[in-house]
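Down below is the structure, laid out as structure tokens.
The values are calculated or read from the model by the stated rules, or taken from the named source; none is laboratory data. In this text the structure is predicted, and so the values were computed from the model without any measurement. Because the Cβ atoms are built from the backbone with ideal geometry, glycine has one as well, and the counts that use them run over all protein chains shown.
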Amino acid sequence: METTTLGLDESKVNELATDLNELLANYQIYYQNLRGLHWNIKGKNFFQLHEKFEELYNDSQLKIDEIAERILTLESTPLHTFDDYTELSKVPVGKNISKDVEAVTLVVTSLKQLIQIERDILEKSGEADDEGTNAMMSDFISEQEKTVWMLKAWLA
């Protein structure tokens, strides 16, 4: 078995890097959606949601950097073009959304997709004994599950 500098199975790490690049692409679309929601939200919930979307896009920007740096740590190259992002992303693109319920629903749908990708990576990183990626995914998932709960409570 060929191993990386970190002592991990090279073939498993290559697969993880590919999956992390898919997650990176989805986060980039999610981030851009949040920026658009922040800019375009209207209505009685404007102040509350304008602030929430800013909080979420700032958080996703940090996660994007963490994901890219993890890919580099695994000795691979993070994707960095919008062509790559749109090709790989499963997160729906939200265009010209200004209504509160539609906006929050998009965020919940996007987070559900991100969590699914992260759970897949969590399983694979566990099998690869990649504690760094495993810990990152675990942290992302637990935080996002709470956000989904709160947003669903808002939608109710």
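Quick test for you: out of Asn14, Asn40, Asn58, pick the one residue that is among the polar types (S, T, N, Q), within 22 Å of Met137 (Cβ to Cβ) and in contact with a Ser or Thr (Cβ under 8 Å, 6 or more places away or on another chain).
Working: Asn40 fails: within 22 Å of Met137 (Cβ to Cβ); Asn58 fails: in contact with a Ser or Thr (Cβ under 8 Å, 6 or more places away or on another chain).
After applying the criteria, what remains is Asn14.
Limited to the stretch 95-110, what total is found for residues that are surrounded by 13 or more Cβ atoms within 10 Å (Cβ to Cβ) and either in contact with an Asp or Glu (Cβ under 8 Å, 6 or more places away or on another chain) or among the hydrophobic types (A, V, I, L, M, F, W, C) (or both)?
Residues that pass the stated criteria total 6.
Please go through the stretch 17-48 and pick out each residue that is in contact (Cβ under 8 Å) with a residue 60 or more places away in the chain and outside any helix (DSSP H, G or I).
Correct list: Ile41 only.
Being part of a helix (DSSP H, G or I) and within 14 Å of Arg35 (Cβ to Cβ) is the filter here, so list the residues in the stretch 86-106 that pass it. Outline the logic, then answer.
Initially, the stretch 86-106 is screened for residues part of a helix (DSSP H, G or I), giving 86-88, 100-106.
Answer for the stretch 86-106, where residues must be part of a helix (DSSP H, G or I) and within 14 Å of Arg35 (Cβ to Cβ): Ala103, Leu106.
Within the set of pairs 6 or more residues apart or between chains, which connect a residue that is on the phi < 0 side of the Ramachandran plot and acidic (Asp, Glu) inside the stretch 80-103 to a residue that is in a loop (DSSP other than H, G, I, E, B) and surrounded by 14 or more Cβ atoms within 10 Å (Cβ to Cβ) with Cβ atoms less than 7 Å apart?
Asp100/Ile41; Asp100/Asn45
Quick one: would you say Asp65 is among the acidic types (Asp, Glu) and surrounded by fewer than 14 Cβ atoms within 10 Å (Cβ to Cβ)? Break it down stepwise before answering.
On the way: among the acidic types (Asp, Glu): yes; surrounded by fewer than 14 Cβ atoms within 10 Å (Cβ to Cβ): yes.
Yes, satisfied.
Select, from Leu106, Leu111, Leu122, the only residue that is of a type outside the set (Val, Ile, Thr), under 14 Å from the mean Cα position of the chain (by Cα), under 16 Å from Leu49 (Cα atoms) and at pLDDT 95 or above. Spell out how you get there, then give the answer.
On the way: Leu111 fails: under 16 Å from Leu49 (Cα atoms); Leu122 fails: under 16 Å from Leu49 (Cα atoms).
Selected residue: Leu106, the only one of Leu106, Leu111, Leu122 that is of a type outside the set (Val, Ile, Thr), under 14 Å from the mean Cα position of the chain (by Cα), under 16 Å from Leu49 (Cα atoms) and at pLDDT 95 or above.
Quick one: in the stretch 121-156, which of the residues that are assigned to a loop (DSSP other than H, G, I, E, B) and of a type in the set (D, E, K, R) is surrounded by the most Cβ atoms within 10 Å (Cβ to Cβ)? Reasoning before the result, please.
Taking the stretch 121-156 first, the residues assigned to a loop (DSSP other than H, G, I, E, B) are 128-130, 156.
Pick out the ones that are also of a type in the set (D, E, K, R) and you get 129-130.
Working: Asp129: 12, Asp130: 24.
Top of the filtered list is Asp130.
When you go through Leu16, Leu20, Leu8, Leu24 one by one, which is the residue that is at pLDDT below 95, closer than 16 Å to Leu122 by Cα and not acidic (Asp, Glu)?
After applying the criteria, what remains is Leu8.
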